[in-house]
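To start, the structure itself, in structure tokens.
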Amino acid sequence: MAAGLCGGCAHARRVETRRGTVYLRCVAPGLPKYPLLPVLSCASHAPRALA
Ligand code: SF4
């Protein structure tokens with residue numbers, strides 16, 4: 001999945017349907033739940049902490 005910034009964002013959730021289709025859902029307040037990917041610029045982007 002070419003998700004752009006969403007791919008490494010703490011606000012992104014991976015959603016997989018029973019048929020195996022994968023979606024990326026954004027849980028940041030005030031933003032569309034399903035952004036048009038790839039997102040190249042986002043003021044709410046929060047880098048996921050490296051574990
Ligand atoms: S906050 Fe921005 S970068 Fe992060 S998941 Fe939502 S749309 Fe993507």
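Values quoted throughout were computed directly from the atomic coordinates according to the rules given, and no laboratory measurement underlies them. This structure is a prediction, so every number in the text was calculated from the model and none was measured.
Quick look at the values:
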quantity: Estimated vicinal HN-Hα couplings, Hz - the stretch 21-38 in sequence order (Karplus 6.51, -1.76, 1.60; Gly, Pro = x); calculated: 6, 10, 10, 10, 10, 9, 10, 6, x, x, 10, x, 5, 10, x, 6, 8, x
quantity: Contour minus Cα-Cα distance for ALA2 and VAL15 (0.36 nm per residue); calculated: 3.2 nm
quantity: Cα shape, the chain, gyration tensor, a/c 1.5 rule; calculated: prolate
